[in-house]
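The values are calculated or read from the model by the stated rules, or taken from the named source; none is laboratory data. A quick note: this is a predicted structure, and the numbers were derived from the prediction, not measured. Using ideal geometry, Cβ is built from the backbone for each residue, glycine included, and neighbour counts are taken over all protein chains shown.
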Amino acid sequence: MSTIAAFAPVLLRGLAAALPPLCASLLALHFLLFREWKKTARYAVFALYLAVVWIVTGPPDAFSAHYAPRVNLIPFVGMADAPLETVLNVLLFIPIGLMLPLLWRRFRDGRLAVLWGFTFSLAVEISQLFSGITDIDDLIANTLGTFLGYLVACALLLHWPALAKTDGTLWERGILFLAVLLVMFFLAPLLQGAFI
């Protein structure tokens, strides 16, 4: 539990810095693109989740990136040494597998949802070449979490067919991810100094 307790202040500072520009971005996107409050609310939950992943995994921002690779390419070794971290990595990525098929019909194909979770995890691990430790075990655990989340989404869609009516466009997905990236990479670090 000390791992979780250690992240609490980091998470709170990061969210305090990220929420104002993230909310402003989502509000602007609502009026420019989404135009439905329900859709904007669903996307806001997903954007907040992506921001939390950004904060917890600690990729660099525009002002602190420096190439300092520490890489573990030997699978399963770290999982035995740090089982709690492995479980937390699995849990961190379950929401991706859950939310992707609920928000976008295209991700109801399990292969695509898991591939996207793998790709997102790979991007996080590559970014950690500039800020932390890049670990193959994290990639495995994150992909497993995505798969488990996808299974939960399938069960939800089976029991509540009304959830299957939600869908968004490729443009909406792309712009949502770009907005979160810009906020977390550029704007949140500028504001974070005010909350330290």
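If only residues of the stretch 58-90 that are touching a strand residue (DSSP E or B) at 6+ places or on another chain (Cβ under 9 Å) and exposed (fewer than 12 other Cβ atoms within 10 Å of the Cβ) are counted, the one that is modelled with the highest pLDDT is Leu73. In the stretch 47-55, is there at least one residue being farther than 30 Å from Ala162 by Cβ, at pLDDT below 90 and buried (at least 16 other Cβ atoms within 10 Å of the Cβ)? Yes, that holds for at least one residue. Is there a residue in the stretch 39-55 that is in contact (Cβ under 8 Å) with a residue 12 or more places away in the chain, over 17 Å from the mean Cα position of the chain (by Cα) and more than 20 Å from Arg173 (Cβ to Cβ)? Looking for residues that are in contact (Cβ under 8 Å) with a residue 12 or more places away in the chain, over 17 Å from the mean Cα position of the chain (by Cα) and more than 20 Å from Arg173 (Cβ to Cβ), one finds none in the stretch 39-55, hence no.
Counting the residues of the stretch 146-180 that are touching a residue at least 12 places away in the same chain (Cβ under 8 Å) and over 30 Å from Ala24 (Cβ atoms) gives 9. Take the conditions (1) over 26 Å from Met79 (Cβ atoms); (2) in contact with an Asp or Glu (Cβ under 8 Å, 6 or more places away or on another chain); Asp135 misses just one of them, which is (1). When you check Ile140 against the structure, is it in a helix (DSSP H, G or I), within 19 Å of Phe76 (Cα to Cα) and touching a residue at least 60 places away in the same chain (Cβ under 8 Å), yes or no? Against the criterion (in a helix (DSSP H, G or I), within 19 Å of Phe76 (Cα to Cα) and touching a residue at least 60 places away in the same chain (Cβ under 8 Å)), Ile140 qualifies. So how many residues does the stretch 132-161 have that are over 18 Å from the mean Cα position of the chain (by Cα) and small (Gly, Ala, Ser)? Looking only at that region, the number is 1. Residues that are at pLDDT 85 or above and more than 20 Å from Gly174 (Cβ to Cβ) are absent from the stretch 3-17. Would you be able to say whether some residue in the stretch 120-136 is within 19 Å of Ala44 (Cα to Cα), part of a helix (DSSP H, G or I) and either β-branched (Val, Ile, Thr) or in contact with a Lys or Arg (Cβ under 8 Å, 6 or more places away or on another chain) (or both)? So far as the stretch 120-136 goes, no, none of its residues is within 19 Å of Ala44 (Cα to Cα), part of a helix (DSSP H, G or I) and either β-branched (Val, Ile, Thr) or in contact with a Lys or Arg (Cβ under 8 Å, 6 or more places away or on another chain) (or both).
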